[in-house]
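Chemist: Below is one structure. I have some questions about it.
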Amino acid sequence: MTIKQFLRVSRPPTLMATIVPLLIGGSMAFITHHFQWWAWLDILIIAFSMQIGANMLNEYFDYRRGLDDHESLGIGGIIVTGEVSAATVWRFALVTYGLALILGLILVIYRGPLLLVMGLLGIIAGFLYTGGPYPLSSTPFGEILVALIMGPLEVLATQFAAAGVITPVAELLSWPVGISVATILLANNLRDMDKDRKHGRRTLAIVFGRPAGLAILAAMIGIVLVWISVMAAAGLLPLKVLIVWLSLPVIITSLKSLSSRDSWVKAVPIAGRIHVIIGVLLAIGILW
């Protein structure tokens, strides 16, 4: 596999979903005054490796099930084009997970076995999402799993790795972060619902349909903003985090653009942009 092929199957745009939980977890670690830069960088690489590994497994299993073809959107496409064998992608996925395991063991030695448990949960969740006889990615529960793993698990693992503690405020804040990540998956499933329906999948988008799915997507984003605002009003977060509302014009414009059927091709980048903008503004509000 060449570097170019590796980058394609890694799906770099999806890594933007990962950076926000790591950024918020790192911010919450920083304000504890026990922040360790090297530990944060270590878990950042671990998270990216696991995300890349999950993307490869997703590509591998979707190919095996016949879900991907030359016209599929959002995939690396190196298997369906015959550039790289499915077995090679499988081996590279194992290598990326192996790298995450090695780097994780360094943190386990430094911080304790809790991080090992969290890491194993992440690996198991990645397999349950895309692998096995009943992958959760084909059910209405995919968004829930992603919200749990990319929210509470990643945010709290990051804070613990970087600062050695898990604070109650971080626990509360990790939930809207997870919901924000899940909007990207919902956008992806809304985009692919016609193809997914043909293959017998029953994603949340298929269960509710595109108009209701768009309303759910908007509601999820609204929940994220309101949740953060309530935490600020309760004194759990600095009032400066209210700058997340500066993202509202982008959110409104972006969601309006999805009212057209043709615009769904760009649904994932649109949801990803909203997710990153909110995440960056939230981190600035915490650290400012």
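Chemist: Just checking, which of Ala215, Ala205 is in contact with a helix residue (DSSP H, G or I) (Cβ under 6 Å, 6 or more places away or on another chain), of a type outside the set (D, E, K, R) and over 21 Å from Leu156 (Cβ atoms)?
Modeler: Selected residue: Ala205, the only one of Ala215, Ala205 that is in contact with a helix residue (DSSP H, G or I) (Cβ under 6 Å, 6 or more places away or on another chain), of a type outside the set (D, E, K, R) and over 21 Å from Leu156 (Cβ atoms).
Per-residue answers, yes or no, for (1) farther than 30 Å from Ala205 by Cα; (2) among the acidic types (Asp, Glu); (3) touching a Cys at 6+ places or on another chain (Cβ under 9 Å); (4) part of a helix (DSSP H, G or I):
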| position | (1), (2), (3), (4) |
| --- | --- |
| Pro140 | no, no, no, no |
| Glu143 | no, yes, no, yes |
| Met150 | no, no, no, yes |
| Leu153 | no, no, no, yes |
| Gln159 | yes, no, no, yes |
| Ala162 | yes, no, no, yes |
| Glu171 | no, yes, no, yes |
| Trp175 | no, no, no, yes |
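Chemist: Regarding Val155, is this residue surrounded by fewer than 16 Cβ atoms within 10 Å (Cβ to Cβ), of a type in the set (A, V, I, L, M, F, W, C) and either within 20 Å of Ala271 (Cβ to Cβ) or in contact (Cβ under 8 Å) with a residue 60 or more places away in the chain (or both)?
Modeler: No; evaluated as a whole, the condition is false for this residue.
Chemist: A further question follows. Looking at (1) under 29 Å from Gly285 (Cα atoms); (2) in contact with a Pro (Cβ under 7 Å, 6 or more places away or on another chain); (3) not small (Gly, Ala, Ser), can you tell me which one Tyr129 breaks?
Modeler: (1)
Chemist: Does the range 171-186 include one or more residues that are surrounded by 21 or more Cβ atoms within 10 Å (Cβ to Cβ), closer than 14 Å to Trp264 by Cβ, within 14 Å of the chain's Cα centre (by Cα) and among the small types (Gly, Ala, Ser)?
Modeler: Checked against the condition, which is being surrounded by 21 or more Cβ atoms within 10 Å (Cβ to Cβ), closer than 14 Å to Trp264 by Cβ, within 14 Å of the chain's Cα centre (by Cα) and among the small types (Gly, Ala, Ser), the range 171-186 yields no hits at all.
Chemist: Of all residues being crowded, with 22+ Cβ neighbours inside 10 Å and β-branched (Val, Ile, Thr) in the range 36-55, which is modelled with the highest pLDDT? Just the residue, please.
Modeler: Ile43
Chemist: If you don't mind, there's one more thing I want to ask. When the residues of the range 235-288 are narrowed to those that are outside any helix (DSSP H, G or I) and surrounded by fewer than 17 Cβ atoms within 10 Å (Cβ to Cβ), which ends up modelled with the lowest pLDDT?
Modeler: By that ranking, first place goes to Ser260.
Chemist: Criterion first (in contact (Cβ under 8 Å) with a residue 24 or more places away in the chain and surrounded by 22 or more Cβ atoms within 10 Å (Cβ to Cβ)) does Ala205 satisfy it?
Modeler: It is false that Ala205 is in contact (Cβ under 8 Å) with a residue 24 or more places away in the chain and surrounded by 22 or more Cβ atoms within 10 Å (Cβ to Cβ).
Chemist: Return the pairs, sorted by first residue and then second, in which the second residue is charged (D, E, K, R) and part of a helix (DSSP H, G or I), the first residue lies in the range 258-280 and is touching a residue at least 60 places away in the same chain (Cβ under 8 Å), the beta carbons are less than 8 Å apart, and the residues are 6+ apart or on different chains.
Modeler: Trp264/Arg191; Trp264/Arg210; Val265/Arg191; Ala267/Arg191; Val268/Arg191
Chemist: Restricting to the range 231-257, count the residues that are more than 21 Å from the chain's Cα centre (by Cα) and closer than 19 Å to Gly209 by Cα.
Modeler: 2
Chemist: For the range 219-234, what are the residues that are of a type outside the set (Val, Ile, Thr) and exposed (fewer than 15 other Cβ atoms within 10 Å of the Cβ)?
Modeler: Residues satisfying the conditions are Ala219, Gly222, Ala233, Ala234.
Chemist: Select, from Trp264, Trp227, the only residue that is in contact with a Lys or Arg (Cβ under 7 Å, 6 or more places away or on another chain) and of a type in the set (Phe, Trp, Tyr).
Modeler: So the residue among Trp264, Trp227 that is in contact with a Lys or Arg (Cβ under 7 Å, 6 or more places away or on another chain) and of a type in the set (Phe, Trp, Tyr) is Trp264.
Chemist: Can you tell me which of Ala157, Ala205, Ala233, Ala182 is in contact with an Asp or Glu (Cβ under 6 Å, 6 or more places away or on another chain) and of a type in the set (Gly, Ala, Ser)?
Modeler: From the options Ala157, Ala205, Ala233, Ala182, the qualifying one is Ala182.
Chemist: Of the residues Ala147, Ala157, only one is within 22 Å of Gly26 (Cβ to Cβ), modelled with pLDDT of 85 or more and out of contact with any Leu (no Cβ under 8 Å at 6 or more places or on another chain); which?
Modeler: One residue alone meets the criteria, Ala147.
Chemist: Run Gly200 past the list (1) part of a helix (DSSP H, G or I); (2) among the small types (Gly, Ala, Ser); (3) over 18 Å from the mean Cα position of the chain (by Cα) and report the number of the one that doesn't hold.
Modeler: (1)
The values are calculated or read from the model by the stated rules, or taken from the named source; none is laboratory data. What you see is a predicted model; the values in this text were computed from it and never measured. Glycine gets a Cβ as well: all are built from the backbone with ideal geometry, and neighbour counts include every protein chain shown.
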